[in-house]
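The values are calculated or read from the model by the stated rules, or taken from the named source; none is laboratory data. Remember, it's a predicted structure, so these values are computed and weren't measured experimentally. Ideal geometry is used to build each Cβ from the backbone, glycine not excepted, and the neighbour counts take in all protein chains shown.
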Amino acid sequence: MPHGHQTITRARLPMARLRRSTNQGDVPEPIPWHHYPLSSVRALRQHIGEKGLFIGMACLFILLVLANIFHQWNRPEATDRKRIAVLLPGSVEFFSLEREAMRTAAQGYAFDLLFFNAGWDSYQQIHQLEKVLSMHGIAAIALCAVNNEALMVASTLVENHDLPLITFTNGIGHDPHGLINGVQAHVGRDEVKAGQMIGTAIEQLALPHPPKILLIQGAPGTPPQRFRDRGFRMIMAKHPQWTIVKDILIPAWDAADVEREVQQALDLKLDFDVIATQWAGAATAAAHTLQSNHVTDVKIVSLEYTRELQKLLMAGTAQSTTNFSVAEEGRQTIVTVAKILKKEDVPKFVEIPQTVLSAEDAQSTPPEW
């Protein structure tokens, strides 16, 4: 019997090994989920030994400490980098170009720019300003206002937080130079002067009879719309024989709305021979509508200078516009912020010069955008 028992055991042994190797043999009890960390440590200890485990844990601890130090060092308040909040009124190509120029300039001053877009909503912009004032580590605020009257509250809000407030492009208040208590500096153009340039351009058309004008303004209530209209009316007051056939305000500076308005004026057979627009996109949209309707006896004068408008000027479709550097306006905003943070003297109004461009000037003047 002992001999027979031994034979059976030897015969069964390979089969038992086979079952275990193919997961058909005895299966160990599953390890509860809460034991996994301990079982992993035990397995690691068996492979590398107590000393190796200690060294590994020590290395992990050191890495965690270094990571925490790196995080603390790179917080804005722990470095020389300063965070500047930049509040924009909405989205148009003009602000895309200006924003990129600001980003480039900020690199030279180790500024981190935080951009906010109000979507042409004054209340939204005030809410964004309040949010910025509740944030930690903001060194200065650069504001381009949706509405120069509604955003006058900004000067009071910022004053209570002892933060420098700089306005750019669209100021606040009723002064075309952006001069108002609470604002340290305004960077931009004199928009009343820009409106006068539209009127002067119409004077220089030398039409055989008093002009009949289709006036296309920008978004109602925005600083450029208000000031440009004020400047244009100054020139109009000198020419009582001039006629504004229709005065159109375009929400959000939308070129598609300009096309619809010009088309409607043509469909209604309104009698006009000049289209005066407050921005380049409107001039381009108006010109395309005239061309699609085969209208060739209407003059176009505008503000701003783009590649599309350059083509229209060179073709004689548009007669004049104004030129200035959008990128320089963005760059000067960051330069002004940097000077104020360094306690340097800056002018209250940092003016970006603008000039009138004729069709002849467009031949040799490359646009920025």
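If a residue has to be over 19 Å from Leu207 (Cβ atoms) and in a helix (DSSP H, G or I) to count, how many in segment 263-279 make the cut? Adding up the residues that qualify gives 4.
Are any of the residues in segment 296-311 part of a helix (DSSP H, G or I) and over 18 Å from Pro366 (Cα atoms)?
So far as segment 296-311 goes, no, none of its residues is part of a helix (DSSP H, G or I) and over 18 Å from Pro366 (Cα atoms).
Could you please let me know if Ala105 is touching a residue at least 40 places away in the same chain (Cβ under 8 Å) and outside the structural domain of Arg228 (by TED's automatic domain parsing)?
Yes; evaluated as a whole, the condition is true for this residue.
Determine if segment 124-137 includes at least one residue that is under 17 Å from Thr169 (Cβ atoms) and either at pLDDT below 95 or hydroxyl-bearing (Ser, Thr, Tyr) (or both). No, every residue in segment 124-137 fails to be under 17 Å from Thr169 (Cβ atoms) and either at pLDDT below 95 or hydroxyl-bearing (Ser, Thr, Tyr) (or both).
Which residue, of Val337, Val301, Val258, Val350, is buried (at least 20 other Cβ atoms within 10 Å of the Cβ), under 15 Å from Glu93 (Cβ atoms) and of a type outside the set (Asp, Glu)?
From the options Val337, Val301, Val258, Val350, the qualifying one is Val258.
Residues in segment 317-352 that are within 20 Å of Gly281 (Cβ to Cβ) and assigned to a loop (DSSP other than H, G, I, E, B): Thr317, Ala318, Gln319, Phe324, Ser325, Ile352.
Quick one: in segment 192-241, which of the residues that are under 27 Å from the mean Cα position of the chain (by Cα) and polar (S, T, N, Q) is modelled with the lowest pLDDT?
Thr222
Of all residues in segment 117-128, those satisfying the criterion of being surrounded by fewer than 18 Cβ atoms within 10 Å (Cβ to Cβ) and either part of a helix (DSSP H, G or I) or touching a Leu at 6+ places or on another chain (Cβ under 6 Å) (or both) are Asn117, Tyr123, Gln124, His127.
Here's the yes/no breakdown for (1) aliphatic (A, V, I, L, M); (2) farther than 21 Å from Trp242 by Cα; (3) touching a strand residue (DSSP E or B) at 6+ places or on another chain (Cβ under 7 Å):
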{"site": "Leu179", "(1), (2), (3)": "yes, yes, yes"}
{"site": "Gly182", "(1), (2), (3)": "no, yes, yes"}
{"site": "Ala194", "(1), (2), (3)": "yes, no, yes"}
{"site": "Lys212", "(1), (2), (3)": "no, no, yes"}
{"site": "Gln217", "(1), (2), (3)": "no, no, yes"}
{"site": "Gly221", "(1), (2), (3)": "no, yes, no"}
{"site": "Pro224", "(1), (2), (3)": "no, yes, no"}
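In segment 258-278, how many are within 19 Å of Leu312 (Cβ to Cβ) and not aromatic (Phe, Trp, Tyr)? Can you show your working first?
Step one: filter segment 258-278 for residues within 19 Å of Leu312 (Cβ to Cβ), giving 258-259, 261-263, 265-266, 272-278.
Remaining after also requiring not aromatic (Phe, Trp, Tyr): 258-259, 261-263, 265-266, 273-278.
Selection size over segment 258-278: 13.
Considering only residues in segment 126-169 that are in contact with a strand residue (DSSP E or B) (Cβ under 6 Å, 6 or more places away or on another chain) and among the polar types (S, T, N, Q), the one that is nearest to Phe324 (Cα to Cα) turns out to be Thr169. Under the condition of being under 15 Å from Leu88 (Cα atoms) and either crowded, with 19+ Cβ neighbours inside 10 Å or of a type in the set (Asp, Glu) (or both), the residues counted in segment 129-176 number 22. Between Ala276, Ala282, Ala286, Ala201, the distinction of being closer than 30 Å to Met102 by Cα, crowded, with 21+ Cβ neighbours inside 10 Å and in contact (Cβ under 8 Å) with a residue 40 or more places away in the chain belongs to Ala282 only.
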